[in-house]
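Chemist: One structure is given below, represented as structure tokens, and several questions about it will come after.
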Amino acid sequence: MASKRKRTEKQKDFVKAKLKVGKTAKKPDNYTDTSFTAKTISLPNQSIQSRVSNAGSSSTSSGSASQTDIDLTHQLSLTKHHSSSTRKEVLLYIQNHLPANNPSLYKQIVASTVPLILDTSMQVRTQLISLLTECANKQPGLLDLHIRSIILFIHSAMTHIQPEIRNSASKFLAILIEHAPSSLVKSYFIKTLRSYFTLMSWTLTTDKKSVSLAITTSSTIGNSSVKKARSHHVSILKSFLNASLFIEEQKNNDIDEENVILTHPQSLKYLVPTTSQPFTSLKLFTADMPRRQISSTDKESMNSGSSDDGKFHIADLDTLSTEDISTRRKIIIDIFLHPLTKNLNNLIKEGGEVGKEAKGCLTVLEKLTAEISSNKENETTI
Amino acid sequence: MAKRRRAAMLPTNIILLQNLVRRDPEVYHDEFAQQYSHYLSLRDIFLMNPSASDKGIEFGELIGFVSAVCGCYPQETATFPDDLKQLILENHRDLSPELREKIIQCLTMLRNKDVISAESLIQTIFPLLTAYSASNSTTGQHVKALRHQIYSTLISLLKSVNTGTKSQKLNRSTQALLFNLLEQRDNQGLWATKLTRELWRRGIWDDSRTVEIMTQAALHPDVKVAVAGAKFFLGADKEREENFDDNSSDEDGFDMGAMKHKMQVNKKSKKKSKKLEQAVKTLKKKNNSKSSTTYLNFSAIHLLRDPQGFAEQLFDNHLNSKHANKFDLDQKIMFMNLISRLIGTHKLTVLGIYTFFLKYLTPKQRNVTQIMAASAQASHDLVPPESISPVIRKIADEFVSDGVAAEVASAGINTIREILTRAPLAIEKDLLQDLTEYKGSKSKAVMMAARSLISLYREVAPEMLQRKDRGKTASMELQHGEKKGGPQYGVEQTVRSIPGLELLAKWRKEQGLGNEDGEDDEANWEVDEEDNASDIEGDWVTVDSDKEYDVSDSDDEPVEEDKNEKDDNDNDNEVSDLELSSDDEEEDEEESERPAKKAKIDTAAEETVDAEKAMAEMLSSRILTPADFAKLEELRTQAGVEKLMGSRQANEEEVDSTTLVGKVKYKQLREERIAQAKEGREERDKFGSRRGKRDAPHSTTNKEKARKKNFVMMIHKKAVQGKQKLSLRDRQKVLKAHITKQKKKGY
């Protein structure tokens, strides 16, 4: 027989609660309070911003178009989602629902998706590659317009500490080479080439006391993906060099400059330029760190070894502008040619796919030197 | 194999990479170059769109990495510190709080590695301290945390720079920044005061430039800044002393401050003064042992460059101008306190303040005791008596009359006494005599106050008192016509000898040293360095009381010597036949009024050496050597019990407003009386009755029941009736049996 206390306690459980008029029933013991008070109430339907954009779009297109606008902004906000699969899905969705012809929307898309170049997930990056290609196909000048931000992220990816991100960086560069070659090589030739050197773990200067062990080992020992990536890198380097060092075949312009009759022979120079953002190299509207002025004494000490021979030096790289092809060629010849050929030869010795690509790359360089020497001969003959 | 794998794996983690790079910068140069260019590109990404960038965790990590290893690659990272500086100076509003914190941390790290100078660090982070004022709303910027970080960084930076030798250059440049801050009219100057105060408290800044900053702050138009400045002058030195006391006085058993206070409050005796001396000695010893900190305890008020101008400006700008209403009463009182301290310490002349006090000196005024204390502090002997006498007249009219409460009257009289100790000429004879009439008051506080006034004037100017109040000594002097006339305005008492010289002369006589030997001895000219240092150290610590004592000692000498000769035989019962000295407290007071005199009597009783004569003798006959001065110092400390008691009224001493009212005993309420009576009855059970109390708990015994049984029920029982009918013999038997029983029990 249980004790008296236990019996009374047991009885208590079966006592029926008395309900009284005008009083709410007592809450059970295991009741959990789920009510909450909100600090803010968001009413997205009444937001001024969306209404304005609604009005703007409704004047031009139908109501369904405005619906896609809202949908798109929502999707773009999801590009910062924590789950990688969601991010990938979002990119896929955007790719499938690209707007017809709306520059501001494309600007939004580029601005919010480009940071994903540094994304940790492989899927997301591959999806982004296809999205960017799709965008470039639909809007021809788009990448030219946004090259400044895109190239920054690509450079950042090329020097990233994660090898996977580094590996995919050149694929993004390939898109730029394909779709916006001129603005790429004009403004970012040197920077890209230097990033390539760090990417491939090549060194510019030969007088290094010790060669870094870790990166060379990681690149040689590393798994097959790294190897494959390297062959890919070299092939893209080849196309990059091709794009930057040789005059592309002139697309037939509508206007043949030679034959147009103008009031003044120089007036062509004062027309609106055909390229997008022709004055970017002046950096008029960008916030940038001012370059530290190298004092004259420093310069002298740097150049003391090699006297002024009309060649570029590594120290000059920060100050050079690479708008025209002759400067680019000169830079390649003066600075990059020697280390490039040396490293490419090393790769050729390795053989395999990488060696093949390296061989192709080397032929580009040889073609360049041959062309330049023939030019020189022409000049001398003339 | 494992090693190769490790080499291939490691550089994917930036922290590990940092570790590797620091171990062997040569080998990992390429990895570093890669990360540095990554940093550059991330920086450019950030600069392209500063506001829209995300948290920047990776960027922060990279900044940390580069600043940690940039000592290894000084050439590659030459522009890095400038980058960081510009980043934080121009974009601090766009940076996320974490990133901002990280950058400041990194800059501090760079400065610790001596990559950047302390000046440039201060110039970088100082503007951020004041960048977010309260006016522009900056929610979600964690401004408070930022300021806290910068503030503590600045403090620790200045501390580390100033350990060992002080870096005057950096101090000056920082102080210049603070001056600039104080020139603006908004309340950003508060940071200047905060910083200065903290550095002063820690003893890092202790020069007159620092004080100059605070004078600027005190004169600032903004209320908060001005109040902070004033608080510095009123409390900073105490704070600093506390800070240093905390550091030092943990291990030893006594508290010097408490001891000095006890000496001032309690009855003085030889034993106690010896104790104090012992304490001072041990304290000195301890100071010698760790005299590493070379800090001079100059009070902030003493370091002022232009005290007169400062006091005048304070009075004109903050108290007497039409903008004075921006301060509330407490703040005004604070300024009154500060100005009066200045006036008292430096003996300044700010005549306007005495009439300014008149407005506030009424019993109904809130916090009037503090104002009274300020008015007492503001008076000294170089103020024209006609400026102070209105204050005294006003206090006498408002506070001291038959109609007011006892505490009001006592506060009034006490304040008047405090003023008069500093400026004895500021009262007329009639008013003084009116006030002394209160010695017969029923209230003890008032009576005591009046008596203290009398005893003050017995010493200063007995002829102003009524005849019966003058006391024996003073009236005898007056009869003999020896006492010179009372104090005169403008006649300043000057120092005419080296204090304590007569002690030296006496000592030399006792030692049997003639006047001629000593000065040729080489050893006497060289005193041990440590000794010297210790002397100086000790002197600075006790500078306040010491100085004052010296002056009074040498000045009062001739008068007191005369007195001593006369009163030599009966100096023990000197006070006993005065009509006022009936109770102990009075005696206390009497002694406290002139401990100097008593001490003098003790030391100079057997052989009196006239100070002036001694000086003439000594100085004309021989040159004093450093050894002589050392001995002099020693003798003075031996004889100088009284200097440690802080006996004489000093102008630098602040008047404590709480003591002005005196002790007032109120009638107790009924509850209090009951509570007090109950308190007295505790623990007295054993003396009370035991009735109705049991030692051990038990039910009623048969005996108790029988005893309690109703009488009517028992009266007809045989046991009761039978006793009545007992024969005489039986009755006697019973009685006897009872007696033997009782005897056996021991009664």
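Chemist: Restricting attention to the range B:692-723, which residues are assigned to a loop (DSSP other than H, G, I, E, B) and of a type in the set (Val, Ile, Thr)?
Modeler: The answer is B:Thr700, B:Thr701, B:Ile715.
Chemist: Please give the helices (runs of 4 or more DSSP H) falling wholly within the range A:79-159 in which 1 or more residues are within 14 Å of chain B (Cβ to nearest Cβ) and among the small types (Gly, Ala, Ser).
Modeler: So the answer is A:103-113, A:147-158.
Chemist: All but one of (1) crowded, with 16+ Cβ neighbours inside 10 Å; (2) of a type outside the set (Phe, Trp, Tyr); (3) more than 28 Å from B:Val400 (Cβ to Cβ) hold for B:Lys326, so report the exception by its number.
Modeler: (1)
Yes/no per residue for (1) surrounded by 17 or more Cβ atoms within 10 Å (Cβ to Cβ); (2) aliphatic (A, V, I, L, M); (3) touching a residue at least 12 places away in the same chain (Cβ under 8 Å):
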position: B:Asn180; (1), (2), (3): no, no, no
position: B:Asp186; (1), (2), (3): no, no, yes
position: B:Thr193; (1), (2), (3): yes, no, yes
position: B:Trp200; (1), (2), (3): yes, no, yes
position: B:Phe244; (1), (2), (3): no, no, yes
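Chemist: Can you work out which of the residues in the range B:59-85 that are facing chain A (nearest Cβ under 8 Å) and part of a helix (DSSP H, G or I) is surrounded by the most Cβ atoms within 10 Å (Cβ to Cβ)? Before you say what the answer is, go through the steps one by one.
Modeler: Keep residues of the range B:59-85 that are facing chain A (nearest Cβ under 8 Å), which gives B:78-79, B:82-83.
Now drop any that are not part of a helix (DSSP H, G or I), which leaves B:82-83.
Numbers: B:Asp82: 15, B:Asp83: 19.
The extreme case among them is B:Asp83.
Chemist: Okay, moving on. Just to verify a result, which residue in the range A:1-36, among those that are modelled with pLDDT of 85 or more and among the hydroxyl-bearing types (Ser, Thr, Tyr), is surrounded by the most Cβ atoms within 10 Å (Cβ to Cβ)?
Modeler: Going through the qualifying residues, I end up with A:Thr8.
Yes/no matrix, rows are residues, columns are (1) within 13 Å of another protein chain (Cβ to nearest Cβ); (2) at pLDDT 65 or above:
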| residue | (1), (2) |
| --- | --- |
| A:Ser201 | yes, yes |
| A:Thr206 | no, no |
| A:Ser212 | yes, no |
| A:Ile215 | yes, no |
| A:Ser218 | yes, no |
| A:Gly222 | yes, no |
| A:His232 | no, yes |
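Chemist: Name the single residue that is surrounded by the fewest Cβ atoms within 10 Å (Cβ to Cβ) among those in the range B:156-168 being touching a residue at least 24 places away in the same chain (Cβ under 8 Å) and assigned to a helix (DSSP H, G or I).
Modeler: Here the residue is B:Lys159.
Chemist: Would you check if there is a residue in the range A:177-185 being modelled with pLDDT of 85 or more, within 13 Å of chain B (Cβ to nearest Cβ) and under 28 Å from A:Gly351 (Cβ atoms)?
Modeler: The answer is no, given that none of the residues of the range A:177-185 is modelled with pLDDT of 85 or more, within 13 Å of chain B (Cβ to nearest Cβ) and under 28 Å from A:Gly351 (Cβ atoms).
Chemist: Which one is nearest to the chain's Cα centre (by Cα), of the residues in the range B:348-369 that are polar (S, T, N, Q) and not in a loop (DSSP other than H, G, I, E, B)?
Modeler: B:Thr369
Chemist: For B:Pro221, work out the one condition from (1) assigned to a loop (DSSP other than H, G, I, E, B); (2) surrounded by 17 or more Cβ atoms within 10 Å (Cβ to Cβ); (3) not polar (S, T, N, Q) it doesn't fulfil.
Modeler: (2)
The values are calculated or read from the model by the stated rules, or taken from the named source; none is laboratory data. Quantities reported herein were computed from a predicted structural model and do not represent experimental measurements. FYI the Cβ positions are ideal-geometry reconstructions off the backbone, even for glycines, and counts take in every protein chain you see.
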